[in-house]
């Protein structure tokens, strides 16, 4: 059971890191290039998205 929990924790942490990197990168691209935000969609609460992208991997690992 311990090995299964370890593997699931690692998988969850990797998925959370992927989501966190993508969401932080998207907010940065929208900040630098306003055209992208107009075409694809703007982020309403950038601070919340960046906070979640930082905390998601930490919470998945813990």
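The table for this structure:
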read-out: Computed over the chain: relative contact order in percent, which uses C-alpha pairs under 8 Å that are six or more apart; value: 52 percent
read-out: Inter-label distance for residue 7 and residue 44, nm, one decimal - labels placed 7 Å from Cα along Cα-to-Cβ; value: 4.0 nm
read-out: Helix-derived mean residue ellipticity, 222 nm - over the chain, DSSP H n ≥ 4, -39500 (n - 2.57), to 500; value: -29500 deg cm²/dmol
read-out: Viscosity 0.692 mPa s, 37 °C: Kirkwood-radius Stokes-Einstein D of the chain over Cα pairs, µm²/s; value: 259 µm²/s
read-out: Acute angle (nearest 10 degrees) that the helix 46-61 long axis makes with the longest principal axis of the chain, alpha-carbon atoms; value: 10 degrees
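Computed from the coordinates by the stated procedures, all read-outs in this text should not be read as laboratory data. Everything quoted here is computed from the prediction, not taken from an experiment. Note that we place each Cβ from the backbone using ideal geometry, even for glycine, and neighbour counts take in every protein chain shown.
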